[in-house]
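Notes to accompany the following structure.
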Amino acid sequence: MSTILVPVDFSDISSKVVETAASLAEARGDEITLLHVALPDPAFVGFEAGPVVVQEAVERDFKEDHEKLEKIRSDLASRGLAAGYLHFEGSTAEVILREARHVHAGLIVMGSHGHGALYHLLVGSVTDAVLRKTTCPVLVVPYTMLPKAA
């Protein structure tokens, strides 16, 4: 049994990424580890604590993300799949790569948001960074696989 690491950001493509990973896990007998990486609030990076209202908002968002991860994990488990989840703050690509090593991932299944070449040139992407530095195979679910709105 191998582990499929599935980074999710709760965007439109996340459900397609999870479904793709679930289909692979069912076919191969793999387990799934969901991973959500929350970015730290840039206004408070390096500070011990921000204003109470900001701390409460960050805690609320973190709790909501945990609930979303638990819902996805529960849905996968109801299909008979072994699934767990991890939730961290940090640099998204770095955390994905670190956790892929930590869980001994045999595969990473992640989405691409379909940004154009200019965006990638100026900003880059998490997918690009993971592809450049990973030591395991990566299956990229393209944004174009999403059903078109009518």
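The values are calculated or read from the model by the stated rules, or taken from the named source; none is laboratory data. Everything numeric in this text was worked out from a predicted model, so none of it was measured. Cβ: placed from backbone, ideal geometry, glycine included. Neighbour counts: every protein chain shown. Areas reflect the complete protein model, heavy atoms only, side chains present, ligands, DNA and RNA absent. Shrake-Rupley method; radii C 1.70, N 1.55, O 1.52, S 1.80 Å.
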_For segment 46-63: of the residues being within 22 Å of Glu99 (Cα to Cα) and either modelled with pLDDT under 75 or not acidic (Asp, Glu) (or both), which is surrounded by the fewest Cβ atoms within 10 Å (Cβ to Cβ)?_
Lys63
*Inside segment 92-135, can you point out the residues that are at pLDDT below 90 and outside any helix (DSSP H, G or I)?*
Gly111, Ser112, His113, Gly114, His115, Gly116, Val123, Gly124, Ser125
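Residues checked against (1) touching a residue at least 24 places away in the same chain (Cβ under 8 Å); (2) under 15 Å from Val6 (Cβ atoms); (3) in contact with a Gly (Cβ under 6 Å, 6 or more places away or on another chain):
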residue: Leu69; (1), (2), (3): yes, yes, no
residue: Arg73; (1), (2), (3): yes, yes, no
residue: Ser78; (1), (2), (3): no, no, no
residue: Gly84; (1), (2), (3): yes, yes, no
residue: Gly90; (1), (2), (3): yes, no, no
residue: Ile96; (1), (2), (3): yes, yes, no
residue: Val103; (1), (2), (3): yes, yes, no
residue: Leu107; (1), (2), (3): yes, yes, no
_Condition first: without any contact (Cβ under 8 Å) to a residue 60 or more places away in the chain, within 14 Å of Val109 (Cα to Cα) and either of a type in the set (Ser, Thr, Tyr) or assigned to a loop (DSSP other than H, G, I, E, B) (or both). Now tell me which residues in segment 10-42 satisfy that._
Ser15, Ser23
_Ala38 being among the aliphatic types (A, V, I, L, M), at pLDDT 75 or above, more than 19 Å from His87 (Cβ to Cβ) and surrounded by 15 or more Cβ atoms within 10 Å (Cβ to Cβ)_ = no
*asked:* So in segment 131-144, with the set limited to residues that are aliphatic (A, V, I, L, M) and touching a residue at least 40 places away in the same chain (Cβ under 8 Å), which one is nearest to Ser15 (Cα to Cα)?
replied: Val141
_Name the single residue that is nearest to His102 (Cα to Cα) among those in segment 77-91 being open to solvent by 50 Å² or more (accessible area, probe 1.4 Å) and at pLDDT below 95._
Phe88
